[in-house]
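Some notes on the structure that comes next.
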């Protein structure tokens with residue numbers, strides 16, 4: 001079995017890649033993907049901790065986080081569709097006000 | 001602006017290195033448990049200890065799906081006509 005410490009290190013790397021992408025990219029879909037990457041890194045950490053401690057609570061957290069991420073993606077993509085209909089662009093530079 | 005970008009990149013890199021070194025340290029993962037979690041244990045935990053949050057999560061997902069469907073609604077004339085069963089003149 002893979003050691004939880006390796007899984008944990010991989011999740012840290014994924015989190016940093018996601019954080020860097022969310023900070024530096026301007027395309028809204030790529031930013032959303034980077035946020036998902038960070039969420040999945042956290043999920044990996046929860047799973048590794050669940051295996052390490054022998055407690056299923058970490059898995060419960062993971063399932064909850066996956067469900068919340070799915071809701072977030074649904075809402076995010078819907079917002080991007082509405083944004084494209086309005087501005088004909090999904091660049092985050094073009095959207096600087098919340099008012100429609 | 002370039003200086004700010006550089007500082008951000010250096011900060012991210014150092015944060016990554018700190019995270020990897022802290023999380024993969026042996027002392028963090030020293031006292032491991034012998035009993036591995038099982039799927040029946042997971043089901044038991046979710047349906048007993050976490051039953052109410054699971055219900056709230058279901059409601060949240062329903063609300064999210066309804067909200068997403070509302071946000072992407074298409075109000076073009078031909079779609080409205082089709083939806084209400086009318087015919088275009």
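Every number here is computed from the coordinates shown, using simple stated rules; none is lab data. Keep in mind that what you see is a predicted model, and the values were worked out from it rather than measured. Neighbour counts are summed over all protein chains in view; Cβ atoms, including those assigned to glycine, are modelled from backbone coordinates with ideal geometry.
Where in chain B are there helices (runs of 4 or more DSSP H), lying fully within it, with 2 or more residues that are within 7 Å of chain A (Cβ to nearest Cβ) and surrounded by 10 or more Cβ atoms within 10 Å (Cβ to Cβ)? Outline the logic, then answer.
Numbers: elements: B:2-23, B:39-44, B:51-71, B:77-83.
Output list reads B:2-23, B:39-44, B:51-71.
Among (1) within 24 Å of residue B:9 (Cβ to Cβ); (2) in a helix (DSSP H, G or I), where does residue A:59 come up short?
The number of the failed condition is (1).
Could you check how many residues of the stretch A:18-56 are part of a helix (DSSP H, G or I), more than 14 Å from the chain's Cα centre (by Cα), over 19 Å from residue B:11 (Cα atoms) and without any contact (Cβ under 8 Å) to a residue 40 or more places away in the chain? Step through it out loud before you land on a result.
So the first thing to find is which residues in the stretch A:18-56 are part of a helix (DSSP H, G or I), and the list is A:18-24, A:28-53.
With more than 14 Å from the chain's Cα centre (by Cα) added as a condition, the list becomes A:24, A:46-53.
So of that shortlist, the ones also over 19 Å from residue B:11 (Cα atoms) come out as A:46-53.
Then keep just the ones that are without any contact (Cβ under 8 Å) to a residue 40 or more places away in the chain; that gives A:46, A:50, A:53.
Total meeting the criteria: 3.
Can you work out which of the residues in the stretch A:3-18 that are at the interface with another protein chain (Cβ under 8 Å from one of its Cβ atoms) and in contact with a helix residue (DSSP H, G or I) (Cβ under 6 Å, 6 or more places away or on another chain) is farthest from residue B:29 (Cα to Cα)? Walk me through how you get there before you give the answer.
In the first step, residues of the stretch A:3-18 are kept if they are at the interface with another protein chain (Cβ under 8 Å from one of its Cβ atoms); the result is A:3-6, A:8-9, A:11-13, A:15-16.
Now restrict to residues that are in contact with a helix residue (DSSP H, G or I) (Cβ under 6 Å, 6 or more places away or on another chain): A:4, A:8-9, A:11-12, A:15-16.
On the way: A:4: 7, A:8: 10, A:9: 12, A:11: 15, A:12: 15, A:15: 20, A:16: 21 Å.
Across the stretch A:3-18, the extreme among qualifying residues is A:16.
Return the pair list, or none, for Cβ contacts closer than 8 Å from residues in the stretch A:2-15 that are in a helix (DSSP H, G or I) to residues that are surrounded by fewer than 17 Cβ atoms within 10 Å (Cβ to Cβ), at least 6 apart or on different chains.
A:4/B:32; A:5/B:25; A:5/B:26; A:5/B:28; A:8/B:28
Within the stretch A:78-100, how many residues turn out to be at the interface with chain B (Cβ under 7 Å from one of its Cβ atoms) and either surrounded by 18 or more Cβ atoms within 10 Å (Cβ to Cβ) or out of contact with any helix residue (DSSP H, G or I) (no Cβ under 6 Å at 6 or more places or on another chain) (or both)?
At the first step, the residues of the stretch A:78-100 found to be at the interface with chain B (Cβ under 7 Å from one of its Cβ atoms) are A:78-79, A:81-82.
Subsequent filtering for residues that are either surrounded by 18 or more Cβ atoms within 10 Å (Cβ to Cβ) or out of contact with any helix residue (DSSP H, G or I) (no Cβ under 6 Å at 6 or more places or on another chain) (or both) retains A:78-79, A:81.
Looking only at that region, the number is 3.
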